[in-house]
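One structure is given here, and the rest of the page talks about it.
What follows draws every value from the coordinates through simple rules; no lab data is involved. Computed from a predicted structure; not experimentally measured. Quick reminder, even Gly has a Cβ in these numbers, built from the backbone with ideal geometry, and neighbours come from all protein chains shown.
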Amino acid sequence: MMRAAIRRLCGPVAATLILAQGLALAGMDEHAARRAHVLGLMDSSSALVLHSAEIQMRSPDANYRFRQESNLLYLTGENRPGLTLLIAPRGIHVGDTLAHIVLFVNPAADDGALSLRPVADGITVHIQRFHDVFAQILPEISTLYASSFSPAFMADWLNNRPMFLERESRKELEKKYPNLKVKNATPLVAQSRVIKSPWEVERIRASIAATGEGLRKAMELCRPGIREYELQAAIEYEMMRRGASAPSFPSIIGSGPNALILHYEHNYRTAAAGELVVMDVGAEIEGYAADITRTIPVSGTFSSEQKKVYNAVLHAHDSIIASVRVGMPWSDLDKVARRVLAAEGFEKFWKHSVSHHLGIDVHDVGKMDTLRAGMVFTVEPGVYISEKDTTVAPGFRGIGVRIEDDVLVTERGGVVLSEAIPREAREIEKIMRKSKR
């Protein structure tokens with residue numbers, strides 16, 4: 001039925017490019033299979049265009065490390081500037097060739113440092129030809145799915161107003177082509193991205209493994225008087241040693257009162273005896289992210305109050321994972337956490353939801369509605385008790401605990417991809433005691 005539907009929508013060429021959700025057909029590489037799936041989601045009156053991320057300047061003579069626009073990375077695997085991907089179910093004439101997939105490249109964009117994978121299911125042409133080819137297809141379609149501008153707006157600080165480039169670009173194109181509607185491409189591509197293939201899961205596993213080694217090293221090094229940035233440096237060093245191109249997000253290393261700040265990123269404070277450190281970190285390998293949090297005692301041993309809070313959070317964490325099943329409403333994950341933390345007496349100190357999709361982006365795309373096999377998501381309950389909270393005994397004040405793992409949904413339930421990273425209080429204490437002998 002799916003083959004017939006694609007044939008009706010896209011014609012006989014596209015009918016050969018079929019993808020069972022997340023799994024490539026035999027003989028089709030991973031990225032071609034993804035393009036085939038997205039092509040199968042489109043109708044013949046639409047087209048998709050994705051453009052490389054822009055190189056961001058750090059200072060007049062240096063740029064930030066380039067990181068590809070996520071949808072383009074997903075569909076091409078190419079982490080280089082100067083690319084534009086055009087997908088058209090009805091086909092595009094480029095010279096004498098009718099193609100459904102056209103990748104436009106700028107060979108000078110990266111000084112030829114990276115080799116480009118051939119596009120077996122389409123053609124590759126110079127970026128200079130893009131606008132001529134693009135202009136050919138615009139009068140023939142009613143819907144254009146396009147990359148979002150990043151950032152979505154620029155601050156016109158002289159006039160104290162935002163400039164919405166994406167809105168202006170869309171309006172200008174729709175004015176020129178009155179029958180055309182320009183839409184954000186992400187919801188379309190997300191239908192494919194939300195289910196991870198075995199190839200993708202292996203990349204996420206690799207990122208998690210590198211992250212785990214970094215966290216183990218931080219556990220070994222942690223002691224009173226250490227700076228948060230020293231722990232960050234140790235974690236990121238181990239991640240990079242094991243193949244990470246970069247952290248998948250800015251590392252969060254919060255000691256003492258900073259453990260209560262959800263997205264703390266300064267990482268400059270000195271950790272003191274008797275405090276906890278929340279380490280929320282992740283490696284990125286081949287474009288795929290890990291997102292792991294561990295909470296450890298600076299002195300190597302949890303106090304009785306810290307351990308009570310820690311074990312309550314761990315109980316919520318493990319209960320969520322045990323409840324995972326295909327077809328489960330996503331909102332039930334929070335309900336499980338709320339029920340456990342309420343029974344433990346800590347529900348009012350919980351500040352955030354317990355999960356999000358994980359993949360190419362740390363907060364990956366996809367609806368948070370129903371769990372399906374092949375989804376990868378985080379489980380991250382936390383308890384944060386203010387130092388000024390007089391409703392609890394003094395020993396509980398100022399405690400912040402978060403425990404986070406990455407989980408794959410399967411037909412048999414949830415598989416913890418980060419199972420090898422120590423999270424039991426006794427495991428963490430054992431590692432920290434051993435390193436201090």
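Things worth noting here:
- Local net charge near P247, Cβ-Cβ under 12 Å (Lys/Arg +1, Asp/Glu -1): -4
- Inter-label distance, W199 to A120: 0.9 nm, where each label sits 7 Å from its Cα along the C-beta direction.
- Distance distribution note for segment 195-435: the fraction of Cα pairs above 35 angstrom is 9%.
- Straight-distance candidates among the lysines for linking to K335, with alpha-carbon spacing under 20 Å and chain neighbours fewer than 8 residues away dropped: K348, K351, K367.
- Extension gain for the segment H352 to K335, taken as residue separation times 0.36 nm less the Cα-Cα distance, is 4.9 nm to one decimal.
- Reported to the nearest whole Å, the Cα centre-to-centre distance from segment 403-424 to segment 191-207 is 14.
- Spatial extent of the chain: Rg and Dmax, with the Cα atoms as the point set, Å: 24.4, 78
- Computed lengthening from S245 to K183, 0.36 nm per intervening residue step minus Cα-Cα distance: 19.2 nm
- Length gained when the stretch E174-E54 is fully extended (0.36 nm per residue, less Cα-Cα span): 40.8 nm
- Sequence-separation-based contact order of the chain, relative, with Cα cut under 8 Å and 6+ spacing, percent: 12 percent
- Within straight-line reach of K171, meaning a Cα separation under 21 Å, sit the following lysines at least 8 residues removed in sequence or on another chain: K181, K183.
- Sum of -39500 (n - 2.57) over DSSP H runs of 4+, divided by residues of the chain (222 nm, nearest 500): -10000 deg cm²/dmol
- Max mean-square fluctuation residue, GNM over the chain, Cα-Cα springs under 10 Å, options F396, F164, F377: F164
- Shape call, segment 125-269: gyration tensor on alpha carbons, a/c limit 1.5: prolate
- Candidate cross-link partners of K430 among the lysines, defined by an alpha-carbon separation under 23 Å and a same-chain spacing of 8 or more, comprise K217, K307, K308.
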